[in-house]
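The values are calculated or read from the model by the stated rules, or taken from the named source; none is laboratory data. Predicted model only: the values in this text are computed from it and were never measured. Note that each Cβ is placed from the backbone with ideal geometry, even for glycine, and that neighbours are counted across all protein chains shown.
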Amino acid sequence: MLEIEEVRSRLDSIEDRLREARAAADVMAEGDPSAASELEGELDGMAEDVAALKAGLATSLG
């Protein structure tokens with residue numbers, strides 16, 4: 001079961017990662033493909049945060 005503080009922390013993390021992902025995408029749009037690995041890392045991190053939220057909610061609601 002997720003505590004509300006963990007939910008907020010995960011959502012904050014997603015927000016930060018989204019900001020970083022957008023910055024990496026902007027760099028890629030400028031023609032620098034080296035930011036692709038940074039973008040991938042941010043997407044992976046967001047996926048982990050979302051999975052943890054979903055798992056915690058399933059436990060809370062189950």
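Residues in segment 17-38 that are closer than 28 Å to Ile4 by Cα and touching a helix residue (DSSP H, G or I) at 6+ places or on another chain (Cβ under 6 Å): 3 in all.
Can Ser13 be described as of a type in the set (S, T, N, Q), modelled with pLDDT of 95 or more and surrounded by 14 or more Cβ atoms within 10 Å (Cβ to Cβ)?
On the way: of a type in the set (S, T, N, Q): yes; modelled with pLDDT of 95 or more: yes; surrounded by 14 or more Cβ atoms within 10 Å (Cβ to Cβ): yes.
Against the criterion (of a type in the set (S, T, N, Q), modelled with pLDDT of 95 or more and surrounded by 14 or more Cβ atoms within 10 Å (Cβ to Cβ)), Ser13 qualifies.
Here is the figure for segment 27-51: residues that are surrounded by fewer than 12 Cβ atoms within 10 Å (Cβ to Cβ) and either of a type outside the set (A, V, I, L, M) or outside any helix (DSSP H, G or I) (or both) total 7. Of all the residues in segment 36-62, those that are touching a residue at least 40 places away in the same chain (Cβ under 8 Å) and hydroxyl-bearing (Ser, Thr, Tyr) number 2.
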